[in-house]
Amino acid sequence: MDRASLIGIVLVVVGILSGQVLEGGHLSSLLQPAAFVIVVVSTIGAVLLQSRMPTFIRGVQMLKWIVLMPEDKSRKNVQDALVWSVVARREGFLSLERYIDTVKDPFIEKGLKLVVDGIDPERLREVLDVDISFYEMEQRQAIKIWDAAGGYSPTIGILGAVLGLIHVMENLSDPNKLGGGIAVAFVATIYGVGLANLFFLPVANKLKEIVSKEVVRREMLADIFFSIAQGDSPRIVEERLSNHKSKS
């Protein structure tokens, strides 16, 4: 559970609502279904227009990481890597086959299989680097939907404001309808700018940080598999792990 995200969400909501009350406004004036539909639905449409459906779905599924962050497996990976290096050194590469069926991480499974198969260390590193690059590209493409939403929603908010003003101009002869049109105009701008800067862009930046951390973990594992495939001693493997710890 990421407390920072929860606290951030609460502060955003409390800040806006408290400011509205302190200014003497009514909370109900911020609830404009028409403005919400214009900004949110149109923003989703614009993002879908620029994205492939699998990418969009993957980006939406990543939203849960904002609160329920992926498990940090780095420490366990370090412990496992030291065990693998000792076993491979004493019993040979084939002895690592017993660990393949016990791991649940596809990247670790691939690395162990490559070592067991006796792949050339340079070739092994190349294969794992390609896997890491593809993973990073795929994840960052999904994160772009949040960056895109943060770019589109302010402009769509302005569009909603213009639509509200058009409604006002059409009903100048009926004062009872002027208030609703003006409310939609201003609230649509609030929704557009607020969602972009208080939700969409922060979500994108948080997800980028999470993906970057996962990429670092995979790079560490690739380095370890390369070292084991070279036949390095456990002490060398431990030294490589120390270098990665100092970088992180």
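The values are calculated or read from the model by the stated rules, or taken from the named source; none is laboratory data. Source: prediction; values computed, not measured. Every residue, glycine as well, gets a Cβ built from its backbone with ideal geometry; the counts of neighbours run over all protein chains shown. Side chains included, ligands, DNA and RNA excluded: accessible areas come from the protein's heavy atoms. Shrake-Rupley method; radii C 1.70, N 1.55, O 1.52, S 1.80 Å.
Some notes on this structure:
Listed here are the residues, each with its yes/no results for (1) surrounded by fewer than 16 Cβ atoms within 10 Å (Cβ to Cβ); (2) touching a His at 6+ places or on another chain (Cβ under 8 Å); (3) within 14 Å of Gly231 (Cβ to Cβ).
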site: Val83; (1), (2), (3): yes, no, no
site: Thr102; (1), (2), (3): yes, no, no
site: Gly111; (1), (2), (3): no, no, no
site: Leu114; (1), (2), (3): no, no, no
site: Leu124; (1), (2), (3): no, no, yes
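- Residue within the range 198-218 that is more than 24 Å from Glu136 (Cα to Cα) and modelled with pLDDT of 85 or more present: yes
- Condition met for Asp147 (closer than 30 Å to Arg98 by Cα, in contact with a helix residue (DSSP H, G or I) (Cβ under 8 Å, 6 or more places away or on another chain) and open to solvent by 40 Å² or more (accessible area, probe 1.4 Å)): no
- Some residue of the range 73-85 being closer than 24 Å to Lys213 by Cβ, outside any helix (DSSP H, G or I), out of contact with any helix residue (DSSP H, G or I) (no Cβ under 6 Å at 6 or more places or on another chain) and touching a residue at least 24 places away in the same chain (Cβ under 8 Å): yes
- The residue list Met1, Met69 contains one member that is of a type in the set (A, V, I, L, M, F, W, C), buried (at least 16 other Cβ atoms within 10 Å of the Cβ) and in a loop (DSSP other than H, G, I, E, B), which is Met69.
- Test result for Ile228, touching a Ser or Thr at 6+ places or on another chain (Cβ under 7 Å), crowded, with 22+ Cβ neighbours inside 10 Å and not acidic (Asp, Glu): yes
- Taking the range 21-44 as the range and being open to solvent by less than 40 Å² (accessible area, probe 1.4 Å) and without any contact (Cβ under 8 Å) to a residue 12 or more places away in the chain as the test, only Gly25 passes.
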